[in-house]
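The values are calculated or read from the model by the stated rules, or taken from the named source; none is laboratory data. Here the structure is a predicted model, which is why all the values come from computation and not from measurement. Cβ: placed from backbone, ideal geometry, glycine included. Neighbour counts: every protein chain shown.
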Amino acid sequence: MNNNNFIFDKKKNYFKISFERVAFIFFIFFIISLIFTSKTLYLGFKEKKVLSIKTKNKEKFRASIMDRDGNILAKTVRIVNLGINPNEVSDKEKLLISLKLIFPKMDYEKKLENKKYFYLKKKISPEKIEKIKLLGEKSLKEEENIARVYPNRNLFSHILGQIDTENNGIAGIEKSYDYELTTSKKPLYLTLDTEIQYLLRQELIKFQSIFKSSGSTAILMNINNGEILSMVSLPDFDLNKRQNISDIKYINRATKGVYELGSVFKTFTLAAGLEENVIDINTKFENLPKKLKCAGRSISEYDMEIPSTLTAEQILIRSGNIGSIKIAQKIGLENFKKFLEDLDLINKTVFDIEEVGNPISFKWGKCRLATSSYGHGITTTPLQLAKAYAIIANGGYKITPTLIKSKKPKKKGEQIISEKNSQKINQILRKIVTSDEGTANLANIKGYEIAGKTGTAQKSIKGKYSKKKVNTFASIFPISSPKYVLVVLLDEPKLSETYVYKYNDGKDRQLVGTPFNTAGWTSVEVAKNIIEKIGPILAIKY
């Protein structure tokens, strides 16, 4: 009995725990739980913050821009910028030595003395980031960001345009298609051909050094659907170096440049005359004067040795000023004006980029009708000129020049001139290249069937005509089945004393030095060389 009591009393003492000890243990567990909960909340909040940064970067993302073959013209990539807080540098001398080894061309000593945060290097390579990490320097900061990269640098600068520091489009395709590029992940496909664009640019650069022009431009377009395969304007700029292009020399001469283009307008005068049925190609104009006056001003013939009796066809082949005036007078002011408007030559045009020029307006009258007939005192852009020649050559159907590739086949537009008259003019444009009297016979390359019209115009500076010129050649090829228009414009070209001209007449002739500063000796030569380079590619690819 006593033993049982002893055992019972022992167990009772074993389970006896004081209230103070229980309270102490509960307090310890409470503190641990509180710390754990706080840590969980902190990490959750931190994770949300990181995600918000990623979302912000995602919103700034721009879709890629591709050429017609899927080659990348513009792409958004993730980059790392390396910054430094000079106030956190632990050992300045050691850091400077380390940075000199990684960035041998850079000197950061003065910037470190300013004690202000700055970027050591933007768009730093992964290899150099690894070297930076090995330094173990807490003052160095990595910043993830996104950047727009243009693999072809200058090649498409005037077309693609630029973006600002906030990743917004401010020029070119980047601006006009800003919404599409920032709201869709699908690439934007252009009609441009990178290979052809490269070849056009190379030829323009080569001849800019030969003829010392202040600038130049070339446009290659499909005359049936308006697709632009190439559009180059010089000088250009590197799109990877964001900069303020404020100098007027950097304008897009193809779309923004507004020029008097001279005799290339004579083609439209003849086309209007045929369409209005006031002339035929064989209509004779007899006893044409070498000069005539209008409002007290003298208008003279381009070539004083031009015959006094010419057919309408010969007026265009020999580029007659007086003959063109006589044709325009038969057409009449209102009909001629309407024809130019239908060709979209004298009003501001709508295009895929906003950088387009506005032809200078003027008051129409008898004298303006006369001068406009041969391209004097009337302005337009090279883009509008290319469009007008495409309409003349494709059977007379309106087209819309475009840089944007579409999967939908384009329907024929309104017919401006009849197919019959289109064919007549094409044959005359071919004779301008093939005949001895024509102004573009340097472009007579065997097998390419080039046709076209030259235009040489004095440049108006501050309201007065100067000795500076704008030389243009609008060409169509192959003329037996017209497909392409190529417009080449040289702004203020000079004579070359050393350039060697090679004739393509099978007689192995050549000429050293530019005899005249006209389109026939400058722009035609450039266009000929371009077509020789791109012809085989066009034949294979298209």
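When I315 is tested against the conditions (1) of a type in the set (A, V, I, L, M, F, W, C); (2) closer than 21 Å to S466 by Cα; (3) crowded, with 19+ Cβ neighbours inside 10 Å, the lone failure is (2). Scan region 330-341 and give yes if some residue there is under 23 Å from D436 (Cα atoms) and either touching a residue at least 60 places away in the same chain (Cβ under 8 Å) or in contact with a Pro (Cβ under 7 Å, 6 or more places away or on another chain) (or both), otherwise no. Taking every residue of region 330-341 in turn, none turns out to be under 23 Å from D436 (Cα atoms) and either touching a residue at least 60 places away in the same chain (Cβ under 8 Å) or in contact with a Pro (Cβ under 7 Å, 6 or more places away or on another chain) (or both).
Within region 527-541, residues that are on the phi > 0 side of the Ramachandran plot have Cβ atoms under 7 Å from residues that are of a type outside the set (A, V, I, L, M, F, W, C) and assigned to a helix (DSSP H, G or I) in no pair, counting only partners at least 6 apart in sequence or on another chain. Can you say whether K408 is in a loop (DSSP other than H, G, I, E, B), closer than 29 Å to I306 by Cβ and either at pLDDT below 95 or of a type in the set (D, E) (or both), as far as the supplied structure shows? No, not satisfied. More than 19 Å from I531 (Cβ to Cβ), touching a Ser or Thr at 6+ places or on another chain (Cβ under 7 Å) and surrounded by 14 or more Cβ atoms within 10 Å (Cβ to Cβ), is that true of T439? No.
Hey, among the residues in region 507-535 that are more than 30 Å from the chain's Cα centre (by Cα) and of a type in the set (A, V, I, L, M, F, W, C), which one's surrounded by the most Cβ atoms within 10 Å (Cβ to Cβ)? Before you say what the answer is, go through the steps one by one.
Going residue by residue through region 507-535, those that are more than 30 Å from the chain's Cα centre (by Cα) are 507-516.
If we keep only those that are of a type in the set (A, V, I, L, M, F, W, C) as well, we get 511-512, 516.
On the way: L511: 13, V512: 10, F516: 10.
Among those residues, the one meeting the criterion is L511.
All conditions in (1) under 22 Å from K241 (Cβ atoms); (2) of a type in the set (S, T, Y); (3) free of Cβ contacts under 8 Å to residues at least 24 places away in the same chain hold for T194, with the sole exception of (3). Look at T439 and say whether it is within 24 Å of S213 (Cα to Cα), over 29 Å from the mean Cα position of the chain (by Cα) and of a type in the set (V, I, T). Yes: the conditions hold for T439. Among the residues of region 221-237, those identified as under 12 Å from the mean Cα position of the chain (by Cα) and either acidic (D, E) or under 21 Å from F473 (Cβ atoms) (or both) are I228, L229, S230, M231, V232, S233, L234, P235, D236. Only one of the numbered conditions (1) under 30 Å from Y189 (Cβ atoms); (2) within 28 Å of the chain's Cα centre (by Cα) is violated by T454, and that is (1). Apart from one condition, A457 fits all of (1) surrounded by fewer than 19 Cβ atoms within 10 Å (Cβ to Cβ); (2) touching a Lys or Arg at 6+ places or on another chain (Cβ under 7 Å); (3) of a type in the set (A, V, I, L, M); the exception is (1). Restricting attention to region 343-386, the residues that are touching a helix residue (DSSP H, G or I) at 6+ places or on another chain (Cβ under 9 Å) and part of a helix (DSSP H, G or I) total 7. Out of region 217-251, which residues are of a type in the set (S, T, N, Q) and crowded, with 17+ Cβ neighbours inside 10 Å? The answer is T217, N222, N224, N225, S230, S233.
Let's see how each residue does on (1) surrounded by fewer than 20 Cβ atoms within 10 Å (Cβ to Cβ); (2) assigned by TED's automatic domain parsing to the domain that holds K420; (3) more than 21 Å from S460 (Cβ to Cβ):
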site	(1), (2), (3)
K266	no, yes, no
A272	no, yes, yes
E286	yes, yes, yes
P289	yes, yes, yes
A295	yes, yes, no
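Among the residues making up region 144-173, those that are of a type in the set (S, T, Y) and within 24 Å of N81 (Cα to Cα) are Y150, T165.
Of the helices (runs of 4 or more DSSP H) lying entirely inside region 81-171, those containing at least 2 residues that are in contact (Cβ under 8 Å) with a residue 60 or more places away in the chain, hydrophobic (A, V, I, L, M, F, W, C) and at negative phi are 157-160.
Mind listing whichever residues of region 434-476 are basic (K, R) and in a strand (DSSP E or B)? Matches in region 434-476: K453, K459, K464, K467, K468, K469. Which ones in region 256-279 are touching an Asp or Glu at 6+ places or on another chain (Cβ under 9 Å) and outside any helix (DSSP H, G or I)? Within region 256-279, K256, G257, Y259 qualify.
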